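Participant: Would you mind keeping the following structure in view while I ask a few things?
The values are calculated or read from the model by the stated rules, or taken from the named source; none is laboratory data. Computed from a prediction, not measured in an experiment: that's the story for all the values here. Cβ: placed from backbone, ideal geometry, glycine included. Neighbour counts: every protein chain shown. Just so you know, the surface numbers come from the protein's heavy atoms only, side chains and all, with ligands and any DNA or RNA stripped out. Shrake-Rupley method; radii C 1.70, N 1.55, O 1.52, S 1.80 Å.
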Amino acid sequence: MSKTVGDFVIERLSDWGVDRIFGFPGDGINGLMGSLNRADGKIDFIQTRHEENAAFMACAHAKFTGEVGICMATSGPGAIHLLNGLYDAKLDHQPVVAIVGQSATTAMGGSFQQEVDLNSLYKDVAHEYVHTLMDPSQTRTLVDRAIRIAKIERTVTCIIIPNNLQDEKFEEPARMHNSIHTSLHFTYPQIVPGKADLQKAADILNDGKKIAMLIGAGAQKAADEVIEVAELLGAGIAKALLGKDVLPDDISYVTGAIGLLGTKPSWDLMMDCDTLLMVGSSFPYSEFLPKEGQARGIQIDINGKMLGIRYPMELNLQGDSKETLKALIPLLKKKEDRSWREEIEKNVSEWWKVIEARAMNSADPINPQRIFWELSSRLPDNCILSSDSGTSADWFARDIKIRKGMRASLSGNLATMCPGVPYAIAAKFAYPDRVSIALVGDGAMQMLGNNGLITISKYWKRWSNPGLIIVVLNNRDLNQVTWEQRVMEGDPKFDASQDVPDFPYAEYAKMLGLDGIKVDKETDIEYAIEEALASKKPVVLEAYTDPSVPPLPPHISIKQAKAFMSSMVKGDPNTWDMIKQSWKDVIEGFIPHKESKTSETV
Ligand SMILES: Cc1ncc(C[n+]2csc(CCOP(=O)(O)OP(=O)(O)O)c2C)c(N)n1
Ligand SMILES: [Mg+2]
């Protein structure tokens with residue numbers, strides 16, 4: 001049989017180094033499935049339960065390996081299902097290529113079954129490159145460009161292949177006018193700002209007395225340089241959520257997360273600094289950065305489009321974080337006055353005591369913070385963590401102490417529900433010897449996570465280390481949003497939109513042949529975590545947690561406090577429990593007797 005277009009697509013992907021595709025079949029891509037089958041395991045096809053999970057997995061593959069992630073789905077409904085996961089990749093700047101089917105060219109334009117205008121549909125998510133194959137001789141061009149552009153732009157691209165063309169005989173582009181001759185290969189260039197700009201940056205940093213650094217995922221490979229700069233400047237370092245695994249949390253001047261899910265030391269760092277150095281982050285909430293005019297700002301980002309959009313920076317430098325910081329270091333003077341640094345270190349060590357005390361507060365039946373706190377100290381070396389959106393992200397941000405060698409991610413910019421489980425699965429495929437842990441709410445489990453458990457049951461025996469733990473916070477509530485209704489809107493919890501039906505997550509895992517552990521007593525938490533870590537199978541650790549524990553912002557503004565009070569006055573069904581739990585957590589914030597610095601905070 002001569003080589004088909006589908007055969008060439010698979011061969012070329014393999015030549016690009018692709019060895020895994022996440023997807024789900026359909027008649028729109030049967031030609032490609034046949035080619036994968038004939039390719040004799042050259043590329044592993046991982047079948048998910050839902051195309052959205054395939055796209056999340058491709059995104060996580062890119063996040064954890066640095067390689068391009070590939071997902072595949074059929075025309076119409078399959079391509080539509082991919083979208084949310086693809087937006088997750090696009091917004092977090094991950095190279096992902098979606099390969100989707102389309103009605104046969106003979107039927108296109110005929111309102112045929114499953115015919116959707118995919119070029120238009122994908123025009124936003126894959127705006128850097130989305131093309132429909134019209135002729136077999138285009139195949140090489142489309143594959144090469146989709147991959148290269150995904151990498152160069154760190155974004156999502158898409159190839160649409162009509163199903164009849166997948167089985168056509170493949171053709172190399174002819175040597176003639178109107179034909180395109182593309183090639184493999186791409187390596188990232190080293191981008192470093194010019195000398196004069198680096199000197200300007202050094203002058204600003206050398207002039208400052210109170211330097212704050214904010215790092216994000218873009219600083220992933222620059223950990224050593226970030227530390228060296230902070231040491232020279234006596235700076236404190238806050239981490240945007242996607243940058244959580246860039247630096248370990250046991251560094252005394254790392255203030256941890258920033259923003260609504262952030263820490264008080266990060267808030268104080270930003271409110272009191274006179275100079276801000278932002279590296280590889282597009283952290284979106286400006287109200288958590290210094291006030292305009294308070295600090296002189298420098299931003300470093302590989303993506304010029306992301307510069308100068310969060311704070312009016314004095315200097316915006318396009319460059320690779322590692323190389324730029326390396327070039328900057330010789331120009332920096334060591335700050336002799338360490339009082340700013342000492343203050344930050346004091347704040348950080350007090351804050352960890354607050355976090356521990358909050359975690360140790362009892363709740364009914366279990367305080368979710370306690371689960372994260374106890375898990376944190378027991379995390380295996382080199383484990384890979386993923387968090388879902390929901391209160392799990394709050395506790396992940398605050399209670400988990402990252403150590404060197406660990407990886408961690410979540411849906412940072414789209415903040416969508418459901419990446420937790422598929423990210424953890426993709427991590428296992430990429431690193432079968434490492435333990436992977438997902439932190440997920442019950443709402444997200446019911447939306448897609450439970451289906452992910454079926455995928456785990458299908459594949460886990462392939463992994464050399466079966467260590468995969470799905471921690472489920474069973475609070476019978478879409479709790480993060482319930483708190484937003486109270487604190488942001490001043491409304492009571494709307495039961496009709498917020499209540500989640502109970503479901504036996506651990507029992508369900510057992511039905512699937514996995515391990516399931518349910519914990520509903522505080523005294524059992526440590527044992528349950530240790531049992532989960534010792535399990536010889538993937539395990540669901542279901543914790544029956546209290547929805548009245550508040551995911552408090554690092555400081556509460558008067559507006560938020562008023563809204564919270566008003567939600568209770570309006571008759572929130574959980575008023576008494578909420579008062580009890582919120583009060584306990586607020587009190588812990590004052591035990592180390594650190595008063596807030598700004599007048600608008602209470
Ligand atoms: C796809 C999607 N739908 C809705 C939301 C809004 N949202 C954010 S967190 C959340 C609650 C999640 O509930 P659950 O998974 O049970 O976690 P919990 O907050 O209860 O811990 C919702 C509805 C979202 N971010 N993504
Ligand atoms: Mg919930």
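Participant: Please count how many residues of the range 385-428 are within 13 Å of ligand 2 (Cβ to nearest atom), open to solvent by 10 Å² or more (accessible area, probe 1.4 Å) and under 21 Å from Gln220 (Cα atoms).
Facilitator: Selection size over the range 385-428: 0.
Participant: Something else about it: Does any residue in the range 497-508 that is open to solvent by less than 50 Å² (accessible area, probe 1.4 Å) come within less than 7 Å, Cβ to Cβ, of a residue that is at pLDDT 95 or above and charged (D, E, K, R) six or more places away or on a different chain, and which pairs are these?
Facilitator: Gln498/Asp477; Val500/Asp442; Val500/Arg476; Val500/Asp477; Tyr505/Glu542; Ala506/Lys518; Ala506/Glu542
Participant: Quick one: would you say Lys353 is open to solvent by 40 Å² or more (accessible area, probe 1.4 Å), in contact (Cβ under 8 Å) with a residue 12 or more places away in the chain, of a type in the set (Lys, Arg) and in a helix (DSSP H, G or I)?
Facilitator: yes
Participant: If Leu439 meets every condition in (1) of a type in the set (A, V, I, L, M); (2) more than 16 Å from ligand 2 (Cβ to nearest atom); (3) part of a strand (DSSP E or B) apart from one, which number is that one?
Facilitator: If we test Leu439 against (1) of a type in the set (A, V, I, L, M); (2) more than 16 Å from ligand 2 (Cβ to nearest atom); (3) part of a strand (DSSP E or B), just (2) comes out false.
Participant: Restricting the search to the range 427-442, which residues are over 14 Å from Ile470 (Cβ atoms) and either more than 17 Å from the chain's Cα centre (by Cα) or within 12 Å of ligand 1 (Cβ to nearest atom) (or both)?
Facilitator: Phe429, Tyr431, Pro432, Asp433, Arg434
Participant: Pull out all pairs, ordered by first then second residue, where Cβ-Cβ is under 7 Å, the residues are six or more apart or on different chains, the first lies in the range 367-385 and is closer than 13 Å to Ser436 by Cα, and the second is of a type in the set (Gly, Ala, Ser).
Facilitator: Cβ pairs passing all conditions: Asp381/Gly405; Asn382/Gly405; Cys383/Ser436; Ile384/Ala427; Ile384/Ser436; Leu385/Ala408.
Participant: Something else now. Cβ-Cβ below 7 Å, separation at least six or inter-chain, first residue in the range 118-131 and within 17 Å of Thr74 (Cα to Cα) and of a type in the set (Val, Ile, Thr), second in a loop (DSSP other than H, G, I, E, B) and modelled with pLDDT of 95 or more: which pairs?
Facilitator: Close Cβ pairs (under 7 Å, with a partner that is in a loop (DSSP other than H, G, I, E, B) and modelled with pLDDT of 95 or more) amount to Val130/Tyr122; Val130/Lys123.
Participant: Asn316 passes all but one of (1) surrounded by 16 or more Cβ atoms within 10 Å (Cβ to Cβ); (2) under 26 Å from the mean Cα position of the chain (by Cα); (3) in a helix (DSSP H, G or I); which number fails?
Facilitator: (3)
Participant: Residue pairs, Cβ under 7 Å, 6 or more apart or interchain, first in the range 268-288 and within 12 Å of Thr255 (Cβ to Cβ), second at pLDDT below 95 and open to solvent by 10 Å² or more (accessible area, probe 1.4 Å). List them.
Facilitator: Final answer for the pair search is Asp268/Lys597; Met271/Lys597; Met271/Thr598; Asp272/Lys597.
Participant: What are the residues in the range 429-445 that are of a type outside the set (Gly, Ala, Ser) and open to solvent by 10 Å² or more (accessible area, probe 1.4 Å), if any?
Facilitator: Phe429, Tyr431, Pro432, Asp433, Arg434, Val435 - these are the residues of the range 429-445 that are of a type outside the set (Gly, Ala, Ser) and open to solvent by 10 Å² or more (accessible area, probe 1.4 Å).
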